[in-house]
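This report refers to the structure that appears directly beneath it.
The values are calculated or read from the model by the stated rules, or taken from the named source; none is laboratory data. Because the structure is predicted, anything quoted here is derived from the model rather than measured. No Cβ is skipped: glycine too gets one built from the backbone with ideal geometry, and neighbour counts run over all protein chains shown.
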Amino acid sequence: MPLKCGIVGLSLVGKTTIFNCFSNARAHAGGGAKANIGTIHVPDPRLQEIDKLIKSAKIVPATVEIVDIPGLTKGGGGESGGNKFLADIQQTDAIIHVLRCFNDDTVPHIEGSVDPVRDREIVDLELQIRDLDMVERKINRVEKMAKSGEREPKHILDILHKLKDHLENFQNARTFHVSEEDKKHITDMYLLTAKPVLYVCNVDDSAAATGNAYVEAFRKSMAGENAEITVVAGKLESEIAELEEEEDRKAFLADAGLVEPGVNRVIRAAYHLLDLMSFFTAGPKEVRAWTIHKGETAQQAAGVIHSDLERGFIRAEVMKYADFLHHGSEHALKEIGKLHIEGKTYIVEDGDIMHIRFNV
């Protein structure tokens, strides 16, 4: 279940520069007619620690797919055209909204001045307009059903009209309150403003570690929304990401007052936003991280590895990461009774090392 995030923002805010410091792709900054797609390896030092004891043939980290959506302009949707822009974002699990928080006379702001609070409102409005179109289309479809006199379509229409009013009042679908039972009438539209959002404030080199006045103004504007906000110096980090030697990267980060790349903070924030975590499988062929939602069972986790494992699930042999590191081997944990045998309903914990027994 690889995580998929879409990067959105106004034109010339540094979206593609941010994309390049995150991903294994190298896209041309400065606008484009179609989305760029890249992959991030999720940094997780626990993989290396497990491998020190197992010495596998390879380490396979979890991945995040990043889609760099062409820049928005007020009233213009994506530069690639409305339908394609809509489709690109609809396929993502979460939105990374990049906001320009730096001054640069050589890169004029499309709105004439740097103001991340205003820019966020412009992008939200574009997404709200597209969501309104989706809601109105569904209203038309359900109205035809309602003419038959059935009660259910009338109930759905009531929800849809309330949602329409919500969007027309410049609110996002994620803040629309509806019962758990009725959520299905909204989720099937894959509304853009229903997706969780992580805000990335793109700053200049000097503000990489501390942020700046633009960041503070944006944080203040979002104070009541419990929003995930992180700061990245996109230009600096994209240059660091191009360095081949890990030691060189660490040195340049240290010079900027940073202890880790911005991508690490963004991924942690995205995992927190989507309630995700990792479990591990480990053996002579590979040590691998897998991504699941918190609260999922051992059988569901098995399905992330392969559908056959979920279908034929018998049991999970579970080692706790801390126990494994402390005692050094699976055999040692068996000897002291810390290799746990768990059934289908076991709730997987972050960092569990699991071996799935199955039969199909």
State the number of residues belonging to region 146-173 that are surrounded by 14 or more Cβ atoms within 10 Å (Cβ to Cβ) and part of a helix (DSSP H, G or I). 12
Here are Val266, Val318: which of them is crowded, with 20+ Cβ neighbours inside 10 Å and either farther than 20 Å from Ile50 by Cα or in contact (Cβ under 8 Å) with a residue 40 or more places away in the chain (or both)? Val266
Helices (runs of 4 or more DSSP H) lying entirely in region 195-268 (those with 3 or more residues that are under 30 Å from Arg130 (Cα atoms)): 213-221
Residue that is surrounded by the fewest Cβ atoms within 10 Å (Cβ to Cβ), among those in region 321-360 that are aliphatic (A, V, I, L, M) and under 31 Å from the mean Cα position of the chain (by Cα): Ala322
Looking at region 280-301, is at least one residue of a type in the set (Ser, Thr, Tyr) and farther than 20 Å from Ile50 by Cβ? yes
Kindly establish whether Asn172 is closer than 25 Å to Met222 by Cβ and out of contact with any Lys or Arg (no Cβ under 8 Å at 6 or more places or on another chain). yes
Being assigned by TED's automatic domain parsing to the domain that holds Leu10 and within 20 Å of Asp68 (Cα to Cα) is true for just one of Glu239, Glu244. Which residue is that? Glu239
Go through region 234-263 and count every residue that is touching a residue at least 24 places away in the same chain (Cβ under 8 Å) and among the basic types (Lys, Arg). 1
Elements of type helices (runs of 4 or more DSSP H) contained in region 300-360, each with 1 or more residues being farther than 22 Å from Pro284 by Cα and modelled with pLDDT of 95 or more: 307-311
Looking only at region 94-147, which residues are touching a residue at least 12 places away in the same chain (Cβ under 8 Å) and basic (Lys, Arg)? Arg100, Arg120, Arg130, Lys138
Residue check, Ala282 against (1) free of Cβ contacts under 8 Å to residues at least 60 places away in the same chain; (2) under 21 Å from Val42 (Cα atoms); (3) surrounded by 13 or more Cβ atoms within 10 Å (Cβ to Cβ), all met but one. Which one? (1)
Among the residues that make up region 174-191, is at least one of them in contact with a His (Cβ under 9 Å, 6 or more places away or on another chain), surrounded by 17 or more Cβ atoms within 10 Å (Cβ to Cβ), assigned to a helix (DSSP H, G or I) and not basic (Lys, Arg)? yes
Scanning region 230-244 for residues that are surrounded by fewer than 19 Cβ atoms within 10 Å (Cβ to Cβ) and aliphatic (A, V, I, L, M), which turns out nearest to Asp158 (Cα to Cα)? Ala241
Out of the residues in region 192-223 meeting the condition of being loosely packed, with under 13 Cβ neighbours inside 10 Å and at pLDDT below 95, tell me which one is farthest from the chain's Cα centre (by Cα). Thr210
Output the qualifying pairs, or none if there are none: Cβ atoms under 6 angstrom, residues six or more apart or on different chains, first residue in region 207-224 and over 12 Å from Arg100 (Cβ atoms), second residue part of a loop (DSSP other than H, G, I, E, B) and not hydrophobic (A, V, I, L, M, F, W, C). Ala209/Gly257
For the list (1) at pLDDT below 95; (2) over 21 Å from Pro261 (Cα atoms), I need the number of the one condition that Lys162 fails. (1)
Just checking, how many residues over region 143-162 are of a type outside the set (D, E, K, R) and more than 18 Å from Glu181 (Cα to Cα)? 4
